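Report on the structure given below.
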Ligand code: SF4
């Protein structure tokens, strides 16, 4: 569906600043969200299956070899370990699980581990499966689909006009090629980016309209969580009301996308997280993020619950077409979940935990300057 507002209208909304104006915008976005998706939600969770030592130069990322920050690292996980973290995500009430690796391309050996991990998650949990493994070819996209992966995440990160400020080593065109290969393989796409990388309001609007052209099934938006020693490490956090406003603007430009907030939401939104949900979100990333800690599952579920949204585990996950399975192509049945009760705290299950699982490696030499 095309955007519900024009570029010029989005720029006007970008100017509003009073709480009354933002609340009115939130109500408008809430109507759009509930008209299209009813009370359904699409909650995800991730595992950082391989971290650190990345050759690319993304300015927000502590895993880049160009960052002065110490490198958070761990080797490629085995499929069984991926499954353990998936079970924790399921216990928290996530509907889907994303297997993420650093960098822009996996070795053959590591790719096979992702394929095996995806098969295990498909066989032993009731979670939908996503991967985020950098650039992939058409052949690999097909392999992933055959292994039971349903959606592939690959961000554009920012507006095309701002992109050279964010990375010089990862090409925008390459990102679009990967997204096209994923679509060609019949997989759903998850494409978004990060706000607060120094882009102007106009560039934020540009990014939302560019995403509308790409038309991904899912749009994840991250809010910069500045990491000392990275290119954007000194930027201040966003004002929480600004975040809410931009969530609502994105919802009006992307009315049909499954829209979620991921990294940085806790730090940037604090008490306003529930209002951001009302501004049009379909879900949030539960559990922990790639290199930082997240929120408690009970609190995340409550934010949606209090708005009358249904976060319950769905017995037909991965089977019937529903608003959260927009393309309707997912067929077959998945096992029912082995867990009766959802857990409330991350301490109750084997979550991916960056505070204990990442080995922080000091950089002995000064890293090369960002290109
Ligand atoms: S975002 Fe991904 S590709 Fe970019 S530096 Fe970080 S790990 Fe590497």
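Return yes or no: is residue 144 touching a strand residue (DSSP E or B) at 6+ places or on another chain (Cβ under 8 Å) and without any contact (Cβ under 8 Å) to a residue 60 or more places away in the chain? Let's see the steps before the verdict.
Working: touching a strand residue (DSSP E or B) at 6+ places or on another chain (Cβ under 8 Å): yes; without any contact (Cβ under 8 Å) to a residue 60 or more places away in the chain: yes.
Taking the combined requirement at face value, the residue satisfies it.
Filter region 218-245 down to the residues that are part of a helix (DSSP H, G or I) and without any contact (Cβ under 8 Å) to a residue 60 or more places away in the chain, then identify the one that is nearest to the chain's Cα centre (by Cα).
Of the residues in region 218-245, the ones part of a helix (DSSP H, G or I) are 240-245.
Now drop any that are not without any contact (Cβ under 8 Å) to a residue 60 or more places away in the chain, which leaves 240, 242-243.
Numbers: 240: 19, 242: 20, 243: 16 Å.
Restricting to residues being part of a helix (DSSP H, G or I) and without any contact (Cβ under 8 Å) to a residue 60 or more places away in the chain, the top hit is 243.
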**Prompt:** Does region 132-141 include one or more residues that are closer than 18 Å to residue 188 by Cβ, in a helix (DSSP H, G or I) and without any contact (Cβ under 8 Å) to a residue 12 or more places away in the chain?
**Reply:** no
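Considering only residues that are part of a loop (DSSP other than H, G, I, E, B) and either without any contact (Cβ under 8 Å) to a residue 40 or more places away in the chain or closer than 19 Å to residue 74 by Cα (or both), look in region 34-56 and name the one that is nearest to the ligand (Cβ to nearest atom).
Taking region 34-56 and keeping what is part of a loop (DSSP other than H, G, I, E, B), we get 38-43, 52-53, 55-56.
Then keep just the ones that are either without any contact (Cβ under 8 Å) to a residue 40 or more places away in the chain or closer than 19 Å to residue 74 by Cα (or both); that gives 52-53, 55-56.
Details: 52: 8, 53: 9, 55: 7, 56: 4 Å.
Ranking the candidates gives 56 first.
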**Prompt:** Within the group 99, 73, which residue is part of a strand (DSSP E or B) and at pLDDT 95 or above?
**Reply:** 99
**Complete:** residue 117 vs (1) more than 27 Å from residue 42 (Cα to Cα); (2) crowded, with 18+ Cβ neighbours inside 10 Å; (3) touching a residue at least 60 places away in the same chain (Cβ under 8 Å): all pass except (1)
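Looking at region 75-92, can you tell me whether even one residue there is buried (at least 16 other Cβ atoms within 10 Å of the Cβ) and within 16 Å of the ligand (Cβ to nearest atom)?
Pass one, region 75-92, residues buried (at least 16 other Cβ atoms within 10 Å of the Cβ): 76-77, 79, 81-92.
Adding the requirement that they be within 16 Å of the ligand (Cβ to nearest atom) leaves 76-77.
Checking region 75-92: at least one residue is buried (at least 16 other Cβ atoms within 10 Å of the Cβ) and within 16 Å of the ligand (Cβ to nearest atom).
Which residue, of 103, 59, is touching a residue at least 40 places away in the same chain (Cβ under 8 Å), near the ligand (Cβ under 9 Å from one of its atoms), on the phi > 0 side of the Ramachandran plot and under 19 Å from the mean Cα position of the chain (by Cα)? Show your work before the answer.
Details: 59 fails: on the phi > 0 side of the Ramachandran plot.
Selected residue: 103, the only one of 103, 59 that is touching a residue at least 40 places away in the same chain (Cβ under 8 Å), near the ligand (Cβ under 9 Å from one of its atoms), on the phi > 0 side of the Ramachandran plot and under 19 Å from the mean Cα position of the chain (by Cα).
The values are calculated or read from the model by the stated rules, or taken from the named source; none is laboratory data. Given the structure is predicted, the values throughout are model-derived calculations rather than measurements. Ideal geometry is used to build each Cβ from the backbone, glycine not excepted, and the neighbour counts take in all protein chains shown.
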